[in-house]
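Engineer: First the structure, then my questions, so here it is.
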Amino acid sequence: MKITDAKVIITCPGRNFVTLKIYTDQGIYGLGDATLNGMELAVATYLQEYCIPILIGKDPSNTEDLWHYFYRGVYWKRGSVSMTAISAIDMALWDIKGKVLGTPLYNLLGGKSRDKVLVYCHSNGTDLNDLIEKTGKDLERGFKAIRIQSGIPGISHTYGVPKDNKPYEPAGKGLPHEESWDTSKYLKYIPKVFEKVREVYGTDIHLLHDVHHRCTPVEAARLAKELEPFHLFWLEDPVSGELQEGLRIIRKQSSTPIAIGEVFNSVYDYTTLVTEQLIDYIRMPLVHGGGITHLLKVAAFASIYHVNTGFHGATDLSPVNMAAALHFDLVVNNFGIQEYMPHQEIVNEVFKVNYNFTNGYMVVDDTPGIGVDIDEKASEKFPYEKASLPVNRKTDGTMFYW
Ligand code: GCO
Ligand code: MG
């Protein structure tokens with residue numbers, strides 16, 4: 001079998017998505033997600049200018065060799081842009097493999113270890129009352145695990161909280177807008193938020209929280225310790241995580257489980273974190289972490305150290321990634337949880353999905369390969385629109401992590 005062509009489809013049904021479509025001489029094609037929020041065109045260009053010409057004529061069955069061609073073989077390696085491109089290629093090749101063999105992706109990865117995938121949603125309140133109301137609605141919708149984010153008094157705009165009561169979307173139109181941040185106000189308020197949510201909804205639901213990289217290790221240690229009584233499922237990205245050793249400070253102080261790494265893209269970002277058991281969940285998603293081929297290895301490595309998966313699944317990852325992640329989640333023994341931020345309805349005009357949510361869990365059907373298709377005609381109705389993630393400054397103007 002040979003790859004005859006490949007193309008990059010960029011579409012914006014409510015938000016931008018980049019999809020790689022690889023064609024073969026057997027009339028079968030595969031799809032891979034190549035969406036990197038705010039940097040869509042950089043990945044598209046790398047795929048179009050560098051990767052696609054190399055792929056043409058290669059045997060798509062050789063997923064392992066082709067992965068190493070684009071990782072080990074390429075001198076300028078790693079980084080979000082090139083790893084997203086590798087991920088898209090890898091996903092599309094596994095999709096082809098499944099379609100050729102007539103079997104869903106989960107069978108190729110080892111078969112089902114569970115029947116359904118535990119997912120968590122986002123409950124984002126502009127203030128505590130709004131949060132309590134929204135969490136109640138999420139529970140009515142059947143969620144068993146909920147990420148809790150709340151507006152903070154005295155901070156004009158907090159990560160994860162939409163301003164206009166619309167569903168939260170991380171990127172805004174045009175160039176990055178600036179937000180402002182005050183760690184001390186945040187640290188003072190968040191324990192009260194969890195105290196209230198536990199008081200109202202009890203201890204049966206799993207609660208999660210995303211710090212979004214905004215603490216130093218010692219601030220994160222204080223937060224993790226103060227949140228201990230509320231038994232979080234996890235505290236996400238308490239620090240930026242570039243300094244892996246920094247997690248030792250948090251770990252020594254607290255037993256609150258830690259999830260990290262949605263912005264990571266290689267197993268090498270995780271070595272100290274995993275081997276020293278400084279975290280409990282790996283967040284790196286298939287779409288940014290080198291695809292199925294790489295994540296299978298990362299998950300196996302993590303499992304030796306009792307670290308589980310908890311893949312990133314925000315709306316800026318396309319339905320192709322979502323479905324691929326669900327196949328993966330069904331298989332690996334050390335699956336922990338999957339993030340599920342439902343896409344807007346309009347996304348279904350372009351992507352035909354094969355998964356659904358019922359009562360706290362998600363499943364994919366038995367369509368061969370990944371099982372998601374793209375309607376190219378429909379995609380043309382939604383041309384690319386420039387959008388960017390915000391940047392963040394401390395209240396005195398100092399540039400900070402967003
Ligand atoms: C999460 C994330 C996202 C990111 C977004 C950036 O845990 O879901 O932190 O909301 O901010 O994916 O593009
Ligand atoms: Mg996050």
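Engineer: How much of the DSSP bridge set in the chain is antiparallel, in percent, rounded to the nearest 5?
Structural biologist: 50
Engineer: When each pair of different Cα atoms in region 265-329 is counted once in the 1/r mean, what is the Kirkwood radius in angstroms, to one decimal?
Structural biologist: This gives a value of 11.8 Å.
Engineer: Can you list the residues, at least 5 places off or on another chain, whose amide H is less than 5 Å from the amide H of Trp181, using H built in the peptide plane?
Structural biologist: Distant-sequence amide H within range of Trp181: Arg393, Lys394, Thr395.
Engineer: Taking all protein chains as present, what is the carbon and sulfur share of the accessible area of the chain, in % to the nearest whole number, probe 1.4 Å?
Structural biologist: That share works out to 52 percent.
Engineer: Could you tally the net charge around Tyr189, taking each other residue with its Cβ under 12 Å from the Cβ of Tyr189, Lys/Arg +1 and Asp/Glu -1?
Structural biologist: Around Tyr189, the surrounding residues sum to 0.
Engineer: Further question: Compute log10 of I(q)/I(0) for region 3-103 with the Debye formula, placing one identical point scatterer on every Cα and leaving out solvent, at q = 0.10, 0.19, 0.23 Å⁻¹, to two decimals.
Structural biologist: Values returned for q = 0.10, 0.19, 0.23 Å⁻¹ are -0.24, -0.87, -1.22.
Engineer: Enter the accessible area per residue of region 267-402 (Å², integer; probe 1.4 Å; all protein chains in place).
Structural biologist: Normalised by residue count, the accessible surface of region 267-402 is 37 Å².
Engineer: Moving on to the next point. Which listed residue (Val372, Ala145, Gln277) has the Cα farthest towards the positive end of the charge dipole for the chain, taking +1 on Lys and Arg C-beta and -1 on Asp and Glu C-beta about the Cα centre?
Structural biologist: Positive-end residue among those listed: Gln277.
Engineer: Would you mind getting the accessible area per residue of region 1-149, heavy atoms of the protein chains only, 1.4 Å probe, in Å²?
Structural biologist: 39
Engineer: Place the peptides 335-348, 280-293 in order of packing, highest mean first, counting for every residue the other Cβ atoms within 10 Å and averaging per peptide.
Structural biologist: 280-293, 335-348
Engineer: Where the only charges are on Cβ atoms (+1 Lys, Arg; -1 Asp, Glu), what is the dipole of region 172-292 about its Cα centre, to the nearest 20 debye?
Structural biologist: With Lys and Arg at +1 and Asp and Glu at -1, about 260 debye.
Engineer: Then there's this: Rg to Rh ratio, the chain, alpha-carbon atoms and Kirkwood radius?
Structural biologist: The Rg/Rh ratio comes out at 0.95.
Engineer: So how do 4-13, 230-239 stack up, highest first, on mean other-Cβ count within 10 Å?
Structural biologist: 230-239, 4-13
Engineer: Top mean-square fluctuation among Lys166, Lys21, Lys144, Gaussian network model of the chain, C-alpha springs under 10 Å?
Structural biologist: Comparing Lys166, Lys21, Lys144 in the GNM, the peak value goes to Lys166.
Engineer: Please give the helix 319-331 orientation as an angle from the longest Cα principal axis of the chain, in degrees from 0 to 90, rounded to the nearest 10.
Structural biologist: 80
Engineer: A follow-up question, please. Roughly how large, in nm² to one decimal, is the mean projection of the convex hull of the alpha-carbon atoms in region 120-266?
Structural biologist: Computing the convex hull of the Cα atoms and averaging its projections yields 9.4 nm².
Engineer: Using a 10 Å cut-off on Cβ atoms, rank the peptides 49-62, 304-317 from the highest mean neighbour count down.
Structural biologist: Result, highest mean Cβ count within 10 Å first: 304-317, 49-62.
Engineer: Helix 128-140 versus the longest principal axis of the chain: what is the Cα-based angle in degrees, 0 to 90, to the nearest 10?
Structural biologist: It is inclined by approximately 50 degrees.
Engineer: Roughly how big is the chain's charge dipole about its Cα centre, with Cβ charges of +1 (Lys, Arg) and -1 (Asp, Glu), in debye to the nearest 20?
Structural biologist: 440
The values are calculated or read from the model by the stated rules, or taken from the named source; none is laboratory data. Note that the coordinates shown come from a computational prediction; the quantities given were computed from them, not determined experimentally. Neighbour counts run over all protein chains shown; Cβ positions are idealised from the backbone, glycine included. What goes into the accessible areas is simple: the full protein's heavy atoms, side chains included, and nothing from ligands, DNA or RNA. Shrake-Rupley method; radii C 1.70, N 1.55, O 1.52, S 1.80 Å.
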